[in-house]
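The values are calculated or read from the model by the stated rules, or taken from the named source; none is laboratory data. Everything quoted here is computed from the prediction, not taken from an experiment. Backbone-built Cβ (ideal geometry, glycine too); neighbour counts: all protein chains shown. Accessible surface areas use protein heavy atoms only, side chains included; no ligands, DNA or RNA. Shrake-Rupley method; radii C 1.70, N 1.55, O 1.52, S 1.80 Å.
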Amino acid sequence: MDERTVQAARNNATWCDAVCRAHGRPGEFLPDLWINHQPTPRFYPNVVTLTRPRDQSAQLRAIALLDERGLPGAWGVKDSYCALDLASSGFQVVVEAHWLWRPATLPPPRAERAGIRWARIKDAAALAAWEAAWGGPTGDDASPSVFLPGLLADPAIAMLAAYDQGEIVAGAVASRTGDVVGLSNVFTPAADGAHFWAGSVAGAMAAFPGLPLVGYEGGEELSIAQSLGFATVGPLRVWVKI
């Protein structure tokens with residue numbers, strides 16, 4: 001196994017656990033996977049595999065036991081090494097992507113632009129505005145909030161936002177685990193994604209200097225990330241049980 005992939009997968013699992021923990025539903029770290037036996041927030045899996053052992057039976061058994069619990073609605077497994085075959089258990093692949101690694105030795109990309117200000121989210125009102133820009137309205141008449149204010153109290157997490165005339169137009173999450181920083185939940189205007197991606201990278205490096213960045217992307221976002229110095233270090237899949 002590439003140690004960079006191991007660090008990226010654990011970083012992502014730790015971020016998933018932080019989001020769940022903010023909802024009062026933390027998961028559990030086992031030797032080979034992170035698992036949550038409770039319903040998780042929208043878009044967040046119940047399982048993230050942490051290693052690629054020669055024998056996947058323990059991982060498959062844990063997933064089968066979770067399936068027997070009868071979780072409500074659809075739930076997901078992040079297969080961090082594309083090592084599991086869950087199709088016969090009723091799962092479907094919904095994401096094909098690659099883990100990413102950007103060395104700490106690379107300088108931050110140039111991301112300055114007149115009128116654009118990057119800042120760290122520091123209070124609940126700003127976080128609500130960030131989430132609305134990320135995924136649309138939340139609340140009683142819309143989707144439940146995913147990102148709760150408890151995340152802001154964690155010094156290992158930085159919610160980053162780009163402001164244009166007081167409005168949030170782009171953003172990302174930077175989350176530190178050990179000696180790496182995860183970059184996730186990047187959102188940008190459709191017309192200028194590469195520039196705001198560069199701003200997200202620069203913001204994550206400023207929040208946690210001197211550390212490599214990790215994450216995962218697919219499609220157009222993968223191409224943008226590669227143009228900014230990220231290397232692919234392994235494939236992953238997300239399976240969903242409908």
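Taking the stretch 121-148 as the range and being modelled with pLDDT of 95 or more and loosely packed, with under 15 Cβ neighbours inside 10 Å as the test, the residues that pass are K122, D123, A124, A125.
Select the strands (runs of 3 or more DSSP E) contained entirely in the stretch 1-110, then report the ones holding at least 3 residues which are out of contact with any Lys or Arg (no Cβ under 6 Å at 6 or more places or on another chain).
Numbers: elements: 33-35, 47-49, 75-79, 91-102.
Fully inside the stretch 1-110 and qualifying: 33-35, 75-79, 91-102.
Per-residue answers, yes or no, for (1) buried (at least 24 other Cβ atoms within 10 Å of the Cβ); (2) touching a helix residue (DSSP H, G or I) at 6+ places or on another chain (Cβ under 7 Å); (3) within 21 Å of D154 (Cβ to Cβ); (4) without any contact (Cβ under 8 Å) to a residue 60 or more places away in the chain:
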| site | (1), (2), (3), (4) |
| --- | --- |
| A170 | yes, yes, no, yes |
| S175 | yes, yes, yes, no |
| V180 | no, yes, yes, no |
| N185 | no, yes, yes, yes |
| G193 | no, yes, no, yes |
| A204 | yes, no, yes, yes |
| G210 | no, no, yes, no |
| V214 | yes, yes, yes, no |
| G218 | no, no, no, no |
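Within the stretch 61-73, residues that are more than 11 Å from N46 (Cβ to Cβ) reach partners that are modelled with pLDDT of 90 or more and of a type in the set (S, T, N, Q) with beta carbons closer than 8 Å, at six or more positions or on different chains, in the pairs A64/S89. Within the stretch 1-38, restricting attention to residues that are over 19 Å from Q56 (Cα atoms) and among the charged types (D, E, K, R), the residue that is least open to solvent (accessible area, probe 1.4 Å) is D17.
Of all residues being among the charged types (D, E, K, R) and at pLDDT 95 or above in the stretch 159-210, which is farthest from A114 (Cα to Cα)? Just the residue, please. First the steps, then the outcome.
We begin by selecting, within the stretch 159-210, every residue among the charged types (D, E, K, R); these are 164, 167, 176, 179, 192.
From what's left, at pLDDT 95 or above: 164, 167, 176, 179.
Details: D164: 9, E167: 15, R176: 29, D179: 33 Å.
Taking the candidates together, the pick is D179.
Listed here are the residues, each with its yes/no results for (1) of a type outside the set (A, V, I, L, M); (2) under 21 Å from K78 (Cβ atoms); (3) out of contact with any strand residue (DSSP E or B) (no Cβ under 8 Å at 6 or more places or on another chain); (4) not in a strand (DSSP E or B).
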{"site": "W130", "(1), (2), (3), (4)": "yes, no, no, yes"}
{"site": "L151", "(1), (2), (3), (4)": "no, yes, no, yes"}
{"site": "L160", "(1), (2), (3), (4)": "no, no, no, no"}
{"site": "V181", "(1), (2), (3), (4)": "no, yes, no, no"}
{"site": "V201", "(1), (2), (3), (4)": "no, no, no, yes"}
{"site": "P209", "(1), (2), (3), (4)": "yes, no, yes, yes"}
{"site": "E221", "(1), (2), (3), (4)": "yes, yes, no, yes"}
{"site": "R237", "(1), (2), (3), (4)": "yes, yes, no, no"}
